[in-house]
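The values are calculated or read from the model by the stated rules, or taken from the named source; none is laboratory data. Since the model is a prediction, treat every value here as computed from it, not as a measurement. Neighbour counts are summed over all protein chains in view; Cβ atoms, including those assigned to glycine, are modelled from backbone coordinates with ideal geometry. Accessible surface areas use protein heavy atoms only, side chains included; no ligands, DNA or RNA. Shrake-Rupley method; radii C 1.70, N 1.55, O 1.52, S 1.80 Å.
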Amino acid sequence: MNALRLALRQLRYVNKAFWRNPPAAFFTFAFPLMFLVIFTSLLGHGTVQLGSRSINVSTYYVASMGSFSLISACFTNLALSISFQRDTDILKRLDATPLTRAAYFTSRVLHALFVSILLVVITAAFGAAFYHASVPSGITLVRFLTMLLVGAASFSALGVAATIAVPNANAGPAVVNAMVLPLLFLSGIFIPLGNNAPTWIVWVARIFPIRHFALGMQSGFAGTSFQWSDVLVVGLWGLGALVVAARYFRFEPRR
Amino acid sequence: MTTPTQSASSSTEVAIRVSGLEKSYGSVHAVRGLDLEVHRGEIFAILGPNGAGKTTTIEILEGYRQRDRGSVEVLGIDPGRQRQQLKARVGIVPQQASSDPFLTVEETLQMYAGYYPHPKGIDELLTVVGLQEKRTSRVQRLSGGQQRRLDVAIALVGDPELLFLDEPTTGFDPSARHEAWGVVKSLARLGKTVILTTHYMDEAQNLADRVAVVAGGRVVALGTPDTLGARDVATAEIRFRLGEGPRPPEGLDGETDASGYVHLSSLDVTQTLYDLTRWSLETGVELEGLQVLRPTLEDAYLHLIADVEEMA
Ligand SMILES: Nc1ncnc2c1ncn2[C@@H]1O[C@H](COP(=O)(O)OP(=O)(O)OP(=O)(O)O)[C@@H](O)[C@H]1O
Ligand SMILES: [Mg+2]
């Protein structure tokens with residue numbers, strides 16, 4: 001209880017600092033929305049064949065940019081911001097205080113979740129207003145929210161775990177983007193994986209969590225089928241990341 | 001011989017006790033059998049060359065690092081095992097520290113204050129470190145010395161019993177340094193214990209009750225700033241310039257340098273001065289700019305370090 005109160009208090013400062021760093025806030029917040037506008041206006045007029053169903057490309061992009069938003073806010077943003085805090089000795093300093101590690105991480109993850117929800121809501125509103133994309137409701141909404149929460153938790157854990165691979169703050173953007181960008185492409189976030197996508201790409205997409213997460217989100221916006229196995233894969237990746245982070249995460253720069 | 005009651009009462013007087021401390025980083029043997037005892041209410045300074053193991057030792061005391069060998073007790077707690085219990089009771093100014101660049105000074109202190117059970121007031125802290133005017137400035141816009149002052153304020157925010165200051169005044173201008181000394185002294189008057197490292201001899205001289213010189217991961221000398229390296233009993237130098245007239249007699253004539261100063265070393269300053277001034281009054285020869293020079297703390301320190309390096 002006390003830990004939660006500490007975390008909520010910490011959240012205020014995390015949020016202030018987030019918006020006062022315009023390049024980072026822009027990258028996390030404006031990028032997905034910008035992509036959404038670009039992709040839908042450039043490519044948003046045809047339909048895309050997904051399994052037996054064909055859906056509007058615009059709806060597809062509303063869903064995949066919703067996924068991309070959450071991955072940016074949870075994975076990329078946390079990995080970059082926490083490795084920056086670590087390498088500038090900010091974490092070392094916090095680690096000297098009675099603020100518990102649990103409270104610190106809770107505040108970071110809650111903030112990432114908050115930004116994700118904001119972005120997903122804007123994306124959904126944009127899709128509904130301009131492209132008649134459906135907004136999830138009823139049982140679809142429940143499934144959709146489950147995927148969103150599991151996704152936020154898992155991609156946050158993955159973001160924290162990713163800091164272990166970041167040697168120093170300068171290398172942060174390169175390392176983190178090298179991890180996430182290829183997978184975003186291979187998981188059909190920017191270009192839909194049609195029915196005749198190469199087998200190896202399909203397999204990569206099956207192994208990593210992004211595709212599974214995106215499918216769950218897509219079912220909310222496009223009415224495609226929802227599989228609990230997708231939630232399970234995303235959750236397992238999150239658990240794995242949690243174990244790795246608990247073992248190897250460091251509060252001090254590597255020197 | 002110590003009776004049980006004496007040792008019990010003496011343990012409450014001890015804030016930090018370290019014995020046989022060792023720590024290696026790979027092949028670098030940074031601390032090699034260091035012993036230390038810091039009393040409650042004391043200002044204790046650690047001097048020593050770069051890489052001597054000062055920060056390593058301090059960080060083991062703070063609980064940041066695990067020791068390889070030896071025993072360590074800080075406020076009666078083993079920082080290697082019960083670090084969490086120690087956190088609310090100590091304040092730390094790390095050698096390298098920073099806080100979120102995007103928060104203001106005031107927000108930063110409020111944030112840190114929230115972590116402690118009995119925080120100090122923000123106004124009081126800002127006054128103590130002289131950052132009132134920067135209250136609403138972002139941390140990223142502070143000068144180096146101002147950021148260091150904020151570090152000190154953050155260390156004080158939890159009203160700690162024990163303060164670790166690792167080169168706290170590096171980057172301070174001279175007047176800020178004197179103000180910081182005032183802050184540290186006032187903390188000691190309130191009964192707080194302060195352990196600090198510094199490369200400024202005047203800082204150790206002005207602040208410390210006791211000084212340890214660490215070199216090669218060991219304590220090579222320990223004493224008050226005035227007695228370190230036995231400089232209080234070491235040879236003093238008497239310096240003066242002769243006015244018109246005869247030269248002083250043998251034994252009082254010393255050596256004359258290029259600028260005309262006579263340098264006279266003496267083990268018994270009172271006697272030598274008596275002889276010299278009597279001669280001066282009798283002959284009417286003036287002793288211009290008469291001075292007695294003791295080795296400074298810096299002289300003593302440099303001497304100690306040179307001895308250690310010679311042995312190594
Ligand atoms: N994290 C580390 N990894 C490897 N070696 C280290 C590490 N930290 C310190 N050392 C080494 O241990 C030795 C002692 O370092 P330490 O930082 O304790 O010195 P110091 O007395 O604080 O020096 P300074 O006056 O320069 O601050 C040095 O040789 C240093 O290179
Ligand atoms: Mg040091």
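Please state which one of B:Ala30, B:Ala45 is under 16 Å from B:Leu165 (Cβ atoms) and either of a type outside the set (Gly, Ala, Ser) or within 16 Å of ligand 2 (Cβ to nearest atom) (or both). Let's see the steps before the verdict.
Details: B:Ala30 fails: under 16 Å from B:Leu165 (Cβ atoms).
Only one candidate passes the filter, namely B:Ala45.
Listed here are the residues, each with its yes/no results for (1) more than 28 Å from B:Asp299 (Cβ to Cβ); (2) within 16 Å of ligand 1 (Cβ to nearest atom); (3) not assigned by TED's automatic domain parsing to the domain that holds B:Tyr115.
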| site | (1), (2), (3) |
| --- | --- |
| B:Val139 | yes, no, no |
| B:Gly145 | yes, no, no |
| B:Arg149 | yes, no, no |
| B:Asp159 | yes, no, no |
| B:Pro168 | no, yes, no |
| B:Pro174 | no, no, no |
| B:Gly182 | no, no, no |
| B:Leu187 | yes, no, no |
| B:Leu196 | no, yes, no |
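A Cβ distance below 6 Å, combined with a sequence gap of six or more or placement on separate chains, defines the contacts here; from segment B:151-172, residues that are over 23 Å from B:Asp123 (Cβ atoms) reach residues that are of a type in the set (A, V, I, L, M, F, W, C) and within 16 Å of ligand 2 (Cβ to nearest atom) in the pairs B:Phe164/B:Ile58; B:Phe164/B:Ile92; B:Phe164/B:Ile195; B:Asp166/B:Ile58.
B:Ile92 meets all of the listed conditions (1) buried (at least 22 other Cβ atoms within 10 Å of the Cβ); (2) away from chain A (no Cβ under 14 Å) but one, namely (2).
Take segment A:56-89 and flag every residue that is touching a strand residue (DSSP E or B) at 6+ places or on another chain (Cβ under 8 Å) and open to solvent by 10 Å² or more (accessible area, probe 1.4 Å). Of everything in segment A:56-89, those that are touching a strand residue (DSSP E or B) at 6+ places or on another chain (Cβ under 8 Å) and open to solvent by 10 Å² or more (accessible area, probe 1.4 Å) turn out to be A:Asn56, A:Val57. Screening B:Ala204, B:Ala258, B:Ala208, B:Ala221 for residues that are within 16 Å of ligand 2 (Cβ to nearest atom) and either in the same structural domain as B:Thr169 (by TED's automatic domain parsing) or farther than 30 Å from B:Glu42 by Cα (or both) leaves exactly one candidate, B:Ala204. Given the criteria open to solvent by 70 Å² or more (accessible area, probe 1.4 Å), among the β-branched types (Val, Ile, Thr) and over 30 Å from B:His178 (Cβ atoms), does B:Thr256 qualify? When the stated conditions are applied, B:Thr256 passes them. Within segment A:117-174, the set of residues being under 27 Å from A:Leu239 (Cα atoms) and of a type in the set (S, T, N, Q) comprises A:Thr140, A:Thr146, A:Ser154, A:Ser156, A:Thr163, A:Asn168.
Scanning segment B:236-253 for residues that are outside any strand (DSSP E or B) and surrounded by 12 or more Cβ atoms within 10 Å (Cβ to Cβ) yields B:Gly243, B:Arg247, B:Pro248, B:Leu252, B:Asp253. Of the residues A:Val176, A:Val202, A:Val243, A:Val231, the single one that is aliphatic (A, V, I, L, M) and crowded, with 22+ Cβ neighbours inside 10 Å is A:Val176.
For segment B:95-113, residues that are more than 7 Å from chain A (Cβ to nearest Cβ) and closer than 22 Å to A:Ala7 by Cα total 8. Is one or more of the residues making up segment B:74-85 surrounded by fewer than 23 Cβ atoms within 10 Å (Cβ to Cβ), within 13 Å of ligand 2 (Cβ to nearest atom), facing chain A (nearest Cβ under 10 Å) and at pLDDT below 95? No, because not a single residue in segment B:74-85 is surrounded by fewer than 23 Cβ atoms within 10 Å (Cβ to Cβ), within 13 Å of ligand 2 (Cβ to nearest atom), facing chain A (nearest Cβ under 10 Å) and at pLDDT below 95.
Count of segment A:11-28 residues, restricted to those that are of a type in the set (Val, Ile, Thr) and either facing another protein chain (nearest Cβ under 10 Å) or outside any helix (DSSP H, G or I) (or both), is 1. Of A:Ser72, A:Ser81, all but one fail to be under 15 Å from the mean Cα position of the chain (by Cα) and within 14 Å of chain B (Cβ to nearest Cβ); the exception is A:Ser81. Can you tell me which residue in segment B:114-130 is nearest to A:Arg254 (Cα to Cα), limited to those that are facing chain A (nearest Cβ under 10 Å) and crowded, with 17+ Cβ neighbours inside 10 Å? Within segment B:114-130, the match that is nearest to A:Arg254 (Cα to Cα) is B:Tyr115.
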